[in-house]
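Each remark here refers to the structure printed beneath this line.
The values are calculated or read from the model by the stated rules, or taken from the named source; none is laboratory data. None of these values were measured; they are calculated from a predicted model. As a convention, Cβ positions derive from the backbone with ideal geometry for all residues, glycine included, and neighbour counts pool all protein chains shown.
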Amino acid sequence: MKIITCIKQVPGSTQVEIDPVTGNLVRDGKNAKMNPYDLFALEAAFEIKERTNHCEVHALTMGPFSATDVLRNAIYMGADKGSLVTDRRFAGADVLATAYTLSQTIQKIGHYDIVICGKQTTDGDTAQVGPEIAEFLGIPHVPYVKEIVEIKEHSIIVTSAYDFYDEKIEVAFPCLITIEKDGNVPRLPSYRRKRKYQDLKLDILSLKDFHDQDPGNYGLSGSPTQVEEIFPPQKTKDSIRIEGSGKELGEAIYQILKENRYV
Amino acid sequence: MAYIKVNQDKITKEVAEKLIKICPFGAFDYENDYLSINAACRICKLCVNKGPVGACEFIDDVREKIDKTLFSGVTVFIEQHQNKAHPVSWELVGKAKELAAINGEPVLAVIIGDDVEHIAQEALTYGVDRVHVYQDEHYRDFNVERYTNVLEHFFQTQQNNVFLYGGTPMGRSFAPKVAARLKTGLTADCTALEMTDERDLLQIRPAFGGNIMAKIHTPNTRPQMATVRYKMFNKPEKQAPTGKIIWEDTSTLSKKTTISILDHYNKPKVTDISDAEVIIAVGRAFKKEKDLELIEPLRKKLNAEVGCTRPLIENGWFDPKKQIGLSGRTVKPKLIINLGISGAVQFIEGMKDSELIISVNRDPNNKLFDISHYAIVGDVYDVLPELNRLIDQIIGGKNEVS
């Protein structure tokens, strides 16, 4: 059995601001980490590996060369292999172009039974890339998996969490699942694995490795959506500011609640 | 392909340093007097627009432009579960009517299910012009493969301009599958939608996970698609129906699937903060879980629901259903009291339409203050005990019944 897990490197902090003077995006690019949702995706892969014989977990990420950090982390946690797909021609990719790039990479890696993604990322917050990869691969997807119930020879049974109900679903291989946050308890990278695998060679792929090598299908060119403008959120409301001691402020809140007939 | 070209003859050490500073994504590498762009580039064009003149240049594609007048109709996917429509669908119909009116497009609705005529009738009362119903016993439960075939068929036959979906768990799983099938764009969790007179849908949402809004468009692909969270827009008034129901033939559509639902469990009903009238929202200023007891007197007095920010969910202090924000629940209560919340944009977007907003935070520059009716500059650990004392007085005293 082979599992491909898609992970992403995201900024360490989500605080992005616009410099009021220059109008430039100010972003702390130095601190990067693995998308926290992907930890659950990796753990789900390791869980399946532990419950089956001969299972390989292959971590995959798309991004600049520095994103190999998250691949190494995945390997220290328990992944067997890691691949980075990187190319300047992937720059400016939206959800569709990103999903297409990853699907081309997954086809190149080949012979997979399950693709596992985190539910969403903390920087894009769209939760769309997983289902789009599945469509490009021509395989079904099951979202929000919170429990792996049973792994059969040709299918897997999982429980998915929706708003007001859960569903127990059986889906045949190959398939893609996205893992709900807190669906499991992710393990930490192991020191032993780190010592053992710190020189493990990672696969580096780019456009030239793909079946579809038309640069028009990748990056900004392959992206149907484009960002027309970025701007700071509106400040519309008139705000009454109240300062003072804890006692004065407590009384002020009490008065506001009283005026509005809440107390 | 579209890309940023670096004009090396304009690059000096000084210019390179300037550009490296401007780029928010760290996409420039300067080595051996050569400035190159790596895969971290997002083509945000800041280097072109704000950098030294002529150093960077945006080279665009020359592509055949589509004829935008060939696509017409703002379509809402009406989500149903166990033959009940999700209320977000009607909110989207309200928005669709506004968007469609700008260029005189029709408002369309698609319903997929079994025994859903009552939902189609309901759609007409909200002012939909044409309700397309795909009714089949195979469509009783949501199945992403079958439902995608349906929307593909709908677009092929209707050539609609826009698809709107509720940003529910179902919509967020379904819409991307359709987007990839139709090879078109999809913007998640839009907080505002606008229509230009050239039929371009402007999709506005927080971007880069931070305190920035992005206006996104889909310049050369149709349909234009967006998901919108529940309670983001208002439900329209009911009216006398003027539209019609169209029963689609489902016999030719593939029902093949490798997914089967083995079991279905309704979760025990928990009070949903989305429907709460009064909410106390707590944030990271609370240092220990036990300190949350400080809000108890106020909560009891106001009969409030308690919501929280993402870090508190990560601490495991609350059920994820209690999270307010775009990655949690959108709320629109009559009163919300924010205690010790720093105000990330994703939180603000999830509660900014509340009728009365009171925020307590010791940071005078707190972003949440900008959208609050009352900005209380103080530490929750100082303010709450005083407020509790006043509340305890009335509870203990004669005002209890009034």
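Checking each residue in segment B:294-337 for being aliphatic (A, V, I, L, M) and closer than 18 Å to residue A:127 by Cα picks out B:324, B:326. Testing residue B:379 on (1) closer than 17 Å to residue B:332 by Cβ; (2) of a type outside the set (Phe, Trp, Tyr); (3) at the interface with chain A (Cβ under 8 Å from one of its Cβ atoms), one condition comes back false. Which one is that? The number of the failed condition is (1). Just checking, which of B:144, B:110, B:88 is under 18 Å from residue B:168 (Cα atoms), of a type outside the set (Phe, Trp, Tyr), surrounded by fewer than 23 Cβ atoms within 10 Å (Cβ to Cβ) and touching a Ser or Thr at 6+ places or on another chain (Cβ under 8 Å)? Result of the check over B:144, B:110, B:88: B:144. Please determine whether any residue of segment B:141-158 is of a type in the set (Lys, Arg) and touching a helix residue (DSSP H, G or I) at 6+ places or on another chain (Cβ under 8 Å). The answer is yes, given that some residue of segment B:141-158 is of a type in the set (Lys, Arg) and touching a helix residue (DSSP H, G or I) at 6+ places or on another chain (Cβ under 8 Å).
What residue, of B:238, B:267, B:287, is touching a residue at least 60 places away in the same chain (Cβ under 8 Å) and either more than 30 Å from residue B:69 (Cβ to Cβ) or basic (Lys, Arg) (or both)?
B:238
Which strands (runs of 3 or more DSSP E) does segment B:204-279 wholly contain that include 3 or more residues that are more than 8 Å from every other protein chain (Cβ to nearest Cβ) and farther than 30 Å from residue A:138 by Cα? Step through it out loud before you land on a result.
On the way: elements: B:212-217, B:224-228, B:244-247, B:259-266.
The strands (runs of 3 or more DSSP E) meeting that bar are B:244-247.
Restricting the search to segment B:135-160, which residues are assigned to a loop (DSSP other than H, G, I, E, B) and either within 14 Å of chain A (Cβ to nearest Cβ) or at positive phi (or both)?
First pass over segment B:135-160, keeping only residues assigned to a loop (DSSP other than H, G, I, E, B): B:136, B:140-143, B:159-160.
Across segment B:135-160, the qualifying residues are B:140, B:141, B:142, B:143, B:159.
Only one entry in A:125, A:199, A:182 is charged (D, E, K, R) and within 18 Å of residue B:168 (Cα to Cα), namely A:125. For segment A:55-74, filtered to residues that are assigned to a helix (DSSP H, G or I) and more than 9 Å from every other protein chain (Cβ to nearest Cβ), the residue that is surrounded by the fewest Cβ atoms within 10 Å (Cβ to Cβ) is A:69.
Of everything in segment A:25-51 that's more than 12 Å from the chain's Cα centre (by Cα) and at pLDDT below 95, which residue is nearest to residue A:148 (Cα to Cα)? If you could, list the steps in order and put the result at the bottom.
If we filter segment A:25-51 for residues that are more than 12 Å from the chain's Cα centre (by Cα), which is where we start, we get A:25-32, A:43-51.
Next cut, at pLDDT below 95 only: A:25-32.
Working: A:25: 41, A:26: 41, A:27: 38, A:28: 37, A:29: 36, A:30: 36, A:31: 33, A:32: 30 Å.
Ranking the candidates gives A:32 first.
Each residue in segment B:19-33 was checked for being surrounded by 15 or more Cβ atoms within 10 Å (Cβ to Cβ) and of a type outside the set (A, V, I, L, M), and 7 of them qualify.
Could you please let me know if residue B:188 is farther than 26 Å from residue B:251 by Cβ, small (Gly, Ala, Ser) and in contact (Cβ under 8 Å) with a residue 24 or more places away in the chain? Considered against the rule, which asks whether it is farther than 26 Å from residue B:251 by Cβ, small (Gly, Ala, Ser) and in contact (Cβ under 8 Å) with a residue 24 or more places away in the chain, residue B:188 comes out as yes. Here residue A:153 passes the criteria (1) assigned to a helix (DSSP H, G or I); (2) more than 9 Å from every other protein chain (Cβ to nearest Cβ); (3) of a type outside the set (A, V, I, L, M, F, W, C) except the one numbered (1).
If we scan segment A:112-122, do we find a residue that is more than 15 Å from the chain's Cα centre (by Cα) and either free of Cβ contacts under 8 Å to residues at least 40 places away in the same chain or assigned to a loop (DSSP other than H, G, I, E, B) (or both)? If you could, list the steps in order and put the result at the bottom.
As a first pass, look at segment A:112-122 and keep what is more than 15 Å from the chain's Cα centre (by Cα): A:112-114.
Subsequent filtering for residues that are either free of Cβ contacts under 8 Å to residues at least 40 places away in the same chain or assigned to a loop (DSSP other than H, G, I, E, B) (or both) retains A:112-113.
Checked segment A:112-122: at least one residue is more than 15 Å from the chain's Cα centre (by Cα) and either free of Cβ contacts under 8 Å to residues at least 40 places away in the same chain or assigned to a loop (DSSP other than H, G, I, E, B) (or both).
Within segment B:82-112, the set of residues being at positive phi and in contact (Cβ under 8 Å) with a residue 24 or more places away in the chain comprises B:83 only.
Restricted to segment A:75-86, and to residues that are under 28 Å from residue B:43 (Cβ atoms) and small (Gly, Ala, Ser), which residue is surrounded by the fewest Cβ atoms within 10 Å (Cβ to Cβ)? Let's see the steps before the verdict.
Start the filter on segment A:75-86 by keeping residues that are under 28 Å from residue B:43 (Cβ atoms), which leaves A:82-86.
Pick out the ones that are also small (Gly, Ala, Ser) and you get A:82-83.
On the way: A:82: 25, A:83: 21.
Checking each candidate, the answer is A:83.
Got at least one residue in segment B:187-201 being over 30 Å from residue B:367 (Cα atoms), charged (D, E, K, R), touching a strand residue (DSSP E or B) at 6+ places or on another chain (Cβ under 7 Å) and at pLDDT 95 or above? Yes, segment B:187-201 contains at least one residue that is over 30 Å from residue B:367 (Cα atoms), charged (D, E, K, R), touching a strand residue (DSSP E or B) at 6+ places or on another chain (Cβ under 7 Å) and at pLDDT 95 or above.
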